[in-house]
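This report concerns only the one structure given below.
Every number in this text was worked out from the coordinates using simple rules, so none of it is lab data. Remember, predicted model here, so these are calculated numbers, not experimental data. Positions of Cβ are generated from backbone atoms using ideal geometry, with glycine treated the same way; all protein chains shown enter the neighbour counts.
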Amino acid sequence: MPAPLLIPFVAVAAVLAAWIGLRADFTRSREGKILAFVALAVLPVALVYEGFSIHMEQAQSTEFCLSCHVMTDYGRSLRVDDPSYIPAQHFQNNRIPRERACYACHTDYTMFGDVSAKLRGMRHLQVQYFGTVPKPEAIRLYEPYQNRECLHCHAGARRFEEGSAHHKIPDLLVRAKSGQLSCLSSGCHEFIHDVESLKDATFWKE
């Protein structure tokens, strides 16, 4: 259900709950008890579930991720006119869905990750509203970036499997697939968002 359509249902639930509160005597009848149960139990649970589902869907969008001011430079880095910048290369060449560019490569982030990731997400909210928000260039991943995020798209692809750069070292692909060698290692794909260098960058214009 689109978010705007949720508003009328919330209004109906609120009106029914208020009406039952003012007309408590109505709940003495069987019909009144059923209506009260629907208004005070079924509708609120259904609306919370639906609202949560809508939020989870919207939270996967690039627009949502970049709605925080501190993420602005990370959004700009997607348009750096330099193919050595991996996020920019993927974004500009439609190798990932642009409307879900962040989530495509950060599938285990905050609410989408494990319990620890969710707790860190709550910490982010605390810092956003009550703490000191760090500068974009000071932001670092909590853990090393996992090759899994690259391999769930690239593993098995001919360009990846047969690429000459991936065979300069005999066991490079084996080590990358097993996680022994990071895709972001120096000499491999080391330029990611690199927001510190954006002041000197040129940008791609669609």
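Can you tell which of Leu78, Leu173, Leu125 shows the greatest fluctuation in a Gaussian network model of the chain with Cα springs below 10 Å?
Residue with maximal mean-square fluctuation among Leu78, Leu173, Leu125: Leu125.
Among the lysines, select those whose C-alpha is under 17 Å from the C-alpha of Lys199, and discard any that sit fewer than 8 residues away in the same chain.
Lys135
If you average over every viewing direction, what projected area does the convex hull of the Cα atoms of the range 3-58 give, in nm²?
On the way: hull surface 14.6 nm².
The number I arrive at for the range 3-58 is 3.7 nm².
Between Arg140 and Leu6, what FRET efficiency follows from the Cβ-Cβ distance if R0 is 30 Å, with the result rounded to 0.05?
0.25
Taking neighbour counts of Cβ atoms within 10 Å as a proxy for exposure, in what order, fewest first, do Lys135, Lys177 appear?
Final ranking by Cβ density, sparse to dense: Lys135, Lys177.
Report the residues of the range 142-168 in range of a label on Lys177: point 7 Å along Cα→C-beta, backbone N strictly under 14 Å from it.
148, 151-163, 166-167
How big is D for the range 90-162, in µm² s⁻¹ as a whole number, if Stokes-Einstein is applied with the Kirkwood radius of its Cα pairs at 20 °C and 1.002 mPa s?
Result for D is 148 µm²/s.
For Cys188 and His55, FRET efficiency with R0 = 25 Å and r from the beta-carbon atoms, rounded to 0.05?
Values: r = 36 Å, r/R0 = 1.45.
After rounding, the FRET efficiency stands at 0.10.
Hey, fewest Cβ within 10 Å first, where do Thr62, Thr72 land in order? Could the numbers behind the result be given before it?
Details: Thr62 20, Thr72 13.
The most exposed by this proxy come first: Thr72, Thr62.
Take the Cα atoms of the range 1-132, find their three principal axes, and give me the spread along each one in whole Å, biggest first.
For the range 1-132, the Cα spread along each principal axis is 71, 33, 24 Å.
Can you figure out the FRET efficiency of Val45 with Glu99, using R₀ = 45 Å and their beta-carbon distance, to the nearest 0.05?
Efficiency at R0 = 45 Å is approximately 0.90.
Could you please state, rounded to a whole Å, how far the C-alpha centre of the range 1-57 is from the C-alpha centre of the range 77-100?
44 Å
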